[in-house]
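Single-structure report; data block below.
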Amino acid sequence: MKQQLLLIFLFFCLTSNAQLLQEKTQFTRQDTLRGSITPEREWWDLTYYHLDIEVKPDEKFISGKNTIQYKVLEPNQILQIDLQKPMQITKVLQNEKLCNVERDGNAFFITLNNEQKEGAINTIEVYYEGYPREAKRAPWDGGFSWKKDDNGKHFVATSCQGLGASVWWPNKDHGYDEVDSMLISVTYPKGLKNISNGRLRNITLNNNDTETSHWFVNNPINNYGVNVNIGDYASFSETYEGENGDLDMYYWVLKDNLDIAKEHFKDAPKMMKAFEYWFGPYPFYEDSFKLVEVPYLGMEHQSSVTYGNQYKKGYLGRDLSRTGWGLKFDFIIIHEAGHEWFANNITNRDVADMWLHEGFTAYSENLFLDYYYGKEASADYVIGTRVNIQNDRPLIGTYNVNREGSSDMYYKGANMLHTLRQLIEDDELWREILRGLNSEFYHQTVTTKQIEDYISEKTKKDLTAFFNQYLRDTRIPTLEYKFKNSELKFRYVDIVEDFDMPIEIEIGGKSEWIFPTSEWKTKTIGSLDFKVDRDYYIYTKKI
């Protein structure tokens with residue numbers, strides 16, 4: 001019992017970032033400023049960032065500037081940039097002239113001096129500094145993690161999903177607009193290394209016992225995917241022959257862990273092979289793929305996936321499915337790297353739709369097992385994770401106020417997708433849909449409706465009620481049934497309007513389809529040996 005309780009606790013730690021905003025029923029102006037596409041955001045389109053900062057681990061202090069390039073979509077003179085307390089914007093320049101800046105909580109409204117003409121490409125420089133929020137329990141309650149390794153050397157990392165990238169750097173902190181490309185310049189103490197997103201262009205040796213690394217991201221990137229990782233790193237690499245050619249895979253770990261990492265990280269190319277099969281080509285060949293060791297569990301930072309699973313299989317050595325299959329892989333490598341397709345390639349436009357990130361990626365865990373161990377193993381795993389589902393709130397959160405849905409977005413989302421695979425009855429078509437999503441919405445921000453419509457179109461099925469049931473309602477369909485002589489009577493309860501999902505049953509060892517609705521139906525059967533196919537996420541109740 002103690003082991004089971006501990007496992008449940010670990011899972012809720014995993015998903016608690018999705019619960020940080022759950023208790024909130026009243027929303028503030030700050031929620032709206034953060035979560036909506038304000039007039040001061042919508043008139044300009046991000047094209048380029050150059051984040052240039054110095055990190056001082058001894059002082060837990062950072063300073064620098066973000067150069068923001070943008071395209072004017074329609075004339076306006078006021079631009080919103082976000083930066084959370086206690087960080088401070090010290091000045092903003094456009095064409096070397098100071099701009100007026102007014103602060104409203106975590107939002108800064110910048111009055112631009114130059115006329116903003118439609119179609120123009122303009123730039124501002126945002127200077128800032130401060131003692132950024134220190135992560136209390138990274139990555140769920142994130143910020144900067146100021147740690148030291150076993151040799152007493154600084155071990156520093158950022159994590160900010162949910163909390164927002166504006167916790168440590170000034171940016172347009174809303175998911176709808178991703179910057180097209182980015183340069184990340186980080187100055188840090190000499191003798192350490194900084195690993196960020198994209199590819200390393202060069203390292204500058206400074207005269208004050210510091211170095212500056214310059215990492216360039218060639219592809220669009222979401223704000224929370226940007227990271228800084230500073231430590232006493234060693235590295236190794238390999239070339240993976242992928243669908244789009246040679247993919248550089250780099251591994252950055254603490255020097256003392258180099259040997260164990262070379263063995264343990266063999267899950268990484270296995271992951272790449274399975275996910276390119278299911279989801280299509282890795283979306284960021286130009287930027288490479290990296291695993292970077294950090295002093296917290298891990299996060300899906302784009303092309304710089306962070307790792308802290310203590311070189312154990314499963315989730316810190318545990319199996320979230322309780323089936324044994326979860327110990328066949330390193331959870332953090334598989335789950336966080338799966339986000340390269342669902343979160344980094346396809347990104348939710350509003351955080352209310354974060355199930356698109358976590359549902360598909362939790363589902364990727366069982367697809368990894370499917371690829372290497374077969375359908376029954378993968379079904380065992382995803383069905384086993386149902387024990388973690390609470391059905392407390394809908395998977396979709398509240399739009400325009402930066403509110404996520406329930407933490408059930410992980411494994412209820414995964415089981416919804418597993419159920420959908422059964423309804424399609426065509427595994428090749430299902431694979432085409434998963435790959436098609438990553439092609440159709442390549443490097444895009446999306447809404448739930450876009451994904452629903454795409455899947456409905458490709459399956460030629462009206463899935464409106466199906467998605468309403470599992471995404472927007474907390475109830476799980478319950479099949480009530482009873483026997484009378486040689487007849488089976490059945491119906492659904494706890495369902496949304498028009499929910500009529502067919503399911504497979506087994507009668508006397510033979511598989512058949514039934515088509516329940518909210519009304520009682522009758523089927524003549526020759527045996528009372530009856531069970532519902534376990535692959536469908538429903539409840540059953542004999543009455």
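Things worth noting here:
- What the Cα atoms of segment 110-210 give is an Rg and a Dmax of 17.0, 55 Å.
- Accessible area (Å², per residue) of segment 93-137, counting only protein heavy atoms and a probe of 1.4 Å: 59
- Solvent-accessible area per residue for segment 362-516 (1.4 angstrom probe, square angstrom): 38
- Electrostatic dipole magnitude of the chain [Cβ: Lys, Arg +1; Asp, Glu -1; Cα centre; debye, to 20]: 1540
- Debye log10 I(q)/I(0) for segment 250-322, one point scatterer per Cα, at q = 0.19, 0.22, 0.27 Å⁻¹: -0.88, -1.13, -1.38
- Based on the convex hull around the alpha carbon atoms, segment 303-415 presents an average projected area of 7.1 nm².
- Selected from Leu327, Val55, Val228, residue furthest toward positive end of dipole (the chain; charges at beta carbon): Leu327
- Carbon plus sulfur fraction of accessible area for the chain, probe 1.4 Å, in percent: 46
- Using a Förster distance of 35 Å, the FRET efficiency for Thr90-Asp149 (Cβ separation, nearest 0.05): 0.60
- Each of the peptides 493-499, 115-121 was scored by the mean count of other Cβ atoms within 10 Å over its residues; in descending order, highest first, they stand as 493-499, 115-121.
- Neighbourhood charge, 11 Å Cβ-Cβ cut-off, centred on Gly143 and excluding it, Lys, Arg +1 and Asp, Glu -1: +2
- Per-peptide packing, taken as the mean over residues of other Cβ atoms within 10 Å, places 31-41, 252-262 in the sequence 31-41, 252-262 from highest down.
- Estimated from helical segments only, the mean residue ellipticity of the chain at 222 nm is -7500 deg cm²/dmol, where each DSSP H run of four or more residues counts as -39500 (n - 2.57).
- Two-decimal ratio, segment 156-245, of alpha-carbon radius of gyration to 2.2 N^0.38 Å: 1.21
- Taking a ≥ b ≥ c as the square roots of the eigenvalues of the Cα gyration tensor, an a/c ratio of 1.5 or more together with a/b larger than b/c marks the chain as prolate.
- Take each peptide in 156-162, 190-196, count the other Cβ atoms within 10 Å of every residue, and average; sorted highest first, the result is 156-162, 190-196.
- Added length on full extension, which subtracts the Cα-Cα distance from 0.36 nm per residue, Glu286 to Asp392: 34.0 nm
- Rounded FRET efficiency, nearest 0.05, which uses the C-beta distance separating Thr32 from Thr540 and R0 of 35 Å: 0.20
- Alpha carbon Rg of segment 45-180, scaled by the compact-globule rule 2.2 N^0.38 Å: 1.13
- Modelled FRET efficiency - R0 51 Å, Asn114 with Tyr454, Cβ distances, 0.05 increments: 0.80
- Computed log10 I(q)/I(0) for segment 345-472 at 0.13, 0.14 Å⁻¹: -0.51, -0.59, from the Debye equation with unit scatterers placed on every C-alpha and solvent omitted.
- Cα-based equivalent ellipsoid, segment 169-306: semi-axes from gyration tensor eigenvalues, Å: 24, 21, 13
- Under the span-like rule (Cα at least 24 Å along the axis, Kyte-Doolittle mean at least -0.5), DSSP H helices of the chain: 355-373
- Between amide H atoms placed 1.01 Å from N, distances below 5 Å from Leu163 occur with Gly142, all of them 5 or more places distant or on a separate chain.
- Over segment 96-142, the fraction of Cα-Cα pairs per 5 Å bin, rounded to whole percents and listed from the shortest bin up, is 5, 13, 17, 18, 15, 11, 9, 8, 4.
- When the chain is described by a simple charge dipole with +1 on each Lys and Arg Cβ and -1 on each Asp and Glu Cβ, the residue from Ile81, Leu479, Asn122 located farthest towards its positive end is Leu479.
- At 0.890 mPa s and 25 °C, Stokes D of segment 480-543 from Kirkwood alpha-carbon radius, µm² per second: 203
- Sparsely packed loop sites in segment 452-537 (the trypsin sites (Lys or Arg not before Pro) outside DSSP H, G, I, E and B with at most 15 other Cβ atoms within 10 Å) comprise Lys460, Lys461, Arg475, Arg534.
- Pairwise label distance in nanometres, Asn207 with Leu429, each label 7 Å out on the Cα-Cβ vector: 7.0
The values are calculated or read from the model by the stated rules, or taken from the named source; none is laboratory data. Computed from a prediction, not measured in an experiment: that's the story for all the values here. Neighbour counts are summed over all protein chains in view; Cβ atoms, including those assigned to glycine, are modelled from backbone coordinates with ideal geometry. Remember, those area values only see protein heavy atoms, side chains included, never the ligands or the DNA or RNA. Shrake-Rupley method; radii C 1.70, N 1.55, O 1.52, S 1.80 Å.
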